[in-house]
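First comes the structure, then the notes that go with it.
Just so it is clear, none of the values below were taken in a lab; they were calculated from the coordinates. The model shown is predicted, which means the values in this text are computed figures rather than measured ones. Here the Cβ is made from the backbone with ideal geometry for all residues, glycine too, and neighbour counts use every protein chain on show.
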Amino acid sequence: MSLSPDASGDFVGVIQLSKPYLSKEEISHLFKNSLKDDSLARAYKVKKREVFQFLCKLIKVLQFPTKILQGCFYYYQRFYMFNSFAKYGSAHYDVGITSLFISLKQNDYIKKLSLVISEAYKLRGIVATPQEQDEHRKRLLSLEKKFMEFGAFDFRYFLIEELLIKYAKYFRIPREVCFLSWSMLNDLYATELPLQWPSNFNAIVVLRTSLLVWNELNMERKVERLLNEREVAVHARKDEVNNAVNEFLEYYLDSYETSFMRDALEQLKLRTDSKHIINDVILNIKISLHQDDRPNGLQPPRNLDEDLFFKLRDYDVGKTGSVRFLYSKKKYLDEVSQYASEKERYIQQKAAALRQAPTQPTGKNYRAPPAHGVPNNPSPRPHPNSSYQSNNRAAPRKTFKKNYQHTYNPNRKHRPERPFDK
Amino acid sequence: MDSFEARVYLTKQLSSLTPSKQAAQQCAKFLLKHKELQDDLYSVILESLDAADLNIRINIFQFLEELILYCQNDPQKPYISSIIKDMKLILTKILPPKPDTMSCETRLLTNLHAAYTILVNISKSCKFTNLKEYKAKYGSNLLTDMDRNRIELQLQFDEKPLYTDKDLPESIDGQLDCAWEFLLEKRRQSQYERFFIDKHQMQSPTEPLQDTFAKTRKQLLARIEADRERQKRGKENLWQINRENGSITEFDLVYDTFHQFDIIEDKPLIDEINELYDNSKYGTPHRPQPNKRFRR
């Protein structure tokens with residue numbers, strides 16, 4: 001997303017639609033942008049694990065509940081989707097602490113940032129003067145602003161914890177199995193699943209996976225439950241759930257040693273050696289799952305390259321222009337469609353002006369729209385999936401006049417007589 | 001610093017104690033530094049409790065909480081045994097009896113709730129076993145049938161037996177039990193008087209209070225500020241989770257917070273989540289197709 005002001009000193013306006021959930025292809029596209037090559041991707045993985053480990057310890061020191069950690073992982077992963085890893089990769093600890101701080105605020109847990117920072121220093125064994133800590137605090141606060149911007153100031157994110165417990169009670173799952181699934185839920189946040197699916201769907205995925213793991217480990221104390229998603233208002237296809245379970249299990253293949261599940265199994269006094277769990281349990285379950293990797297043939301792959309939403313963020317827009325955040329896609333599409341017709345008018349006007357006097361500046365009161373990021377959709381109402389972010393200016397609503405029926409009078413008592421009625 | 005100087009210094013500090021955490025910590029550090037003078041300094045605390053007004057008394061109690069926390073980290077554990085031993089005595093000073101000269105409308109229970117929270121914290125740090133029961137009792141209705149009859153007859157609460165001296169048990173738990181029982185009785189008194197006011201439409205006292213219990217406007221404002229500070233401090237540690245026995249303790253807490261999923265009660269939540277997802281995926285609320293089998 002490169003939006004520099006035009007040479008004419010034009011005002012840049014950007015509309016950004018908030019999108020808390022992204023599809024799998026969108027996520028891989030975003031990561032392709034932020035992690036340019038394989039070495040960066042590997043470094044990202046290593047650093048992600050390092051930071052998550054560190055945050056787990058920090059949470060224990062500060063005695064925060066685990067749900068803070070859950071929100072924190074979500075924000076951390078989102079940050080590197082919209083920001084270049086080459087640029088921010090070295091600041092991974094800063095990103096981690098900032099996401100922790102945002103998660104704290106969102107859950108309404110008051111703790112001073114300076115306190116969190118000093119504990120983090122202690123944990124990492126770094127000696128820092130109060131001045132350095134203060135500078136660090138300011139750096140984190142500026143980073144927080146970036147978080148807000150790419151997240152479109154959208155806090156409508158629901159934690160899975162609540163629904164998981166509610167569903168478990170609904171399906172009458174025993175308490176110790178529920179403990180296992182709650183621990184596995186914390187692992188789920190380290191995967192990409194919470195970025196893709198809503199909380200109710202993820203709750204079902206975790207419950208299913210934990211039941212499979214439990215039954216594989218306790219042959220004699222099996223818990224057979226039929227988890228019907230429709231019953232608990234989760235609208236998902238069977239293959240979608242299966243694929244998600246599969247993806248979740250894959251996480252354990254390489255990070256079982258450091259996972260919450262291991263911790264839980266230890267507390268439940270079950271077998272925890274990693275060789276057994278990975279080779280026998282996880283792989284067995286994976287094989288037994290009917291895997292359906294067929295691509296969904298209904299939707300053709302979209303071209304995400306031209307959509308500004310899927311470009312890396314440029315935070316300088318706010319300095320020269322304005323960014324507006326919208327939560328409703330319908331409103332957003334309305335605005336984009338208005339812009340498309342306006343663009344046509346502008347081109348006609350420009351052509352006419354050129355014909356009359358080529359040296360004259362174009363349009364009297366009309367400011368030229370920026371050249372970049374113009375939606376490439378020529379129809380007045382774009383296809384719903386075509387664009388999420390576009391350059392736009394605030395324009396008066398035009399739909400009002402179109403929809404206004406001047407013959408309609410709400411106080412009218414009698415219907416007008418029409419000749420063919422009689 | 002000799003013992004006389006230390007006494008003078010501490011008296012001065014305690015008589016102007018603020019409810020902030022820093023002030024309490026500063027005082028506690030001073031006491032810990034001079035722990036060889038503990039008998040002398042401890043008597044100063046009791047004396048300043050007598051001399052101060054109600055606002056300062058609760059501040060001093062709050063400082064005692066901080067002191068106990070500090071002393072427990074100290075290998076010698078000074079002060080703790082004497083404070084716990086006198087816990088009931090201290091509480092009777094924080095929640096003093098009403099002098100006979102006062103009119104029946106006045107009440108001296110302003111410190112009740114703050115004293116309760118501080119006592120909970122102290123009990124926690126002393127690993128008091130019966131804390132859960134007492135907390136449950138404090139939250140329940142303590143009025144007996146006899147109390148209700150007395151209220152009907154417009155009889156005032158008889159608080160004299162609360163302030164009579166009894167033999168104190170030796171163990172820490174027994175001493176804390178005594179303190180808690182006193183606090184519960186005070187709670188009962190507060191419930192009694194609340195009920196009494198509702199029943200007989202009493203007015204607030206018109207005449208100003210005398211001597212140490214007099215509240216000027218300035219003191220009232222200071223009290224409001226202090227309570228705000230206390231509230232803020234309480235909120236800061238409300239969510240702390242103790243993971244000594246592993247994450248299962250936290251799970252128990254989470255498990256007990258949520259009830260079973262109910263399709264009607266939880267509909268707003270589910271609707272909101274689904275709408276958010278649909279909005280983000282399709283752009284408009286997306287309803288699943290009805291099942292064809294049920295279509296007529």
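What the table below lists for this structure:
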{"read-out": "Inter-site label distance for A:Asp108 and B:Asp74 at 7 Å from Cα along Cβ, in nm", "value": "4.0"}
{"read-out": "Choice from B:Pro268, B:Pro97, B:Pro169 with maximal GNM fluctuation in chain B (Cα, 10 Å cutoff)", "value": "B:Pro268"}
{"read-out": "B:Asp40/A:Ile126 FRET efficiency (R0 45 Å; Cβ-Cβ; nearest 0.05)", "value": "0.55"}
{"read-out": "Using a Förster distance of 30 Å, the FRET efficiency for A:Lys343-A:Tyr315 (Cβ separation, nearest 0.05)", "value": "0.70"}
{"read-out": "DSSP H segments from chain B that extend 15 Å or more along their own axis, Cα-based, with Kyte-Doolittle mean of 0.0 or above", "value": "B:38-51, B:54-73, B:112-125"}
{"read-out": "Residue order, fewest to most beta carbons within 10 Å, for A:Ser274, A:Ser99, A:Ser199", "value": "A:Ser274, A:Ser199, A:Ser99"}
{"read-out": "Peptides B:124-132, A:53-61, B:56-64 ordered by average Cβ neighbours within 10 Å, highest first", "value": "B:56-64, A:53-61, B:124-132"}
{"read-out": "Alpha carbon centroid spacing (whole Å) that separates the range B:132-197 from the range A:11-84", "value": "55"}
{"read-out": "Placed amide H near A:Val14: partners under 5 Å, 5+ positions off or other chain", "value": "A:Ser322, A:Val323, A:Arg324, A:Asn392"}
{"read-out": "Taking N as its residue count, the alpha carbon Rg of the range A:20-151 over 2.2 N^0.38 Å", "value": "1.05"}
{"read-out": "For the range B:3-245, alpha-carbon Rg over 2.2 N^0.38 Å", "value": "1.06"}
{"read-out": "Peptide B:267-277, shielding by other chains (average Cβ, 10 Å cutoff)", "value": "5"}
{"read-out": "Relative contact order of the range A:171-294, pairs being alpha-carbon contacts under 8 Å that are 6 or more residues apart, as %", "value": "32"}
{"read-out": "For chain B, calculated [θ]222 nm from helices alone, where every DSSP H run of n ≥ 4 adds -39500 (n - 2.57)", "value": "-19500 deg cm²/dmol"}
{"read-out": "A:Glu135/A:Ala86 FRET efficiency (R0 30 Å; Cβ-Cβ; nearest 0.05)", "value": "0.80"}
{"read-out": "Average beta-carbon neighbours from other chains, 10 Å sphere, peptide A:175-186", "value": "2"}
{"read-out": "Whole-angstrom gap from the range B:1-48 to the range A:204-239, using each part's C-alpha centre", "value": "62"}
{"read-out": "Partner chain coverage, peptide B:247-254 - average Cβ within 10 angstrom", "value": "6"}
{"read-out": "Subset of B:Lys77/B:Lys127; A:Lys45/A:Lys311; B:Lys232/B:Lys267; A:Lys311/A:Lys350; A:Lys60/B:Lys124 violating a 24 Å alpha-carbon distance limit", "value": "B:Lys232/B:Lys267; A:Lys311/A:Lys350"}
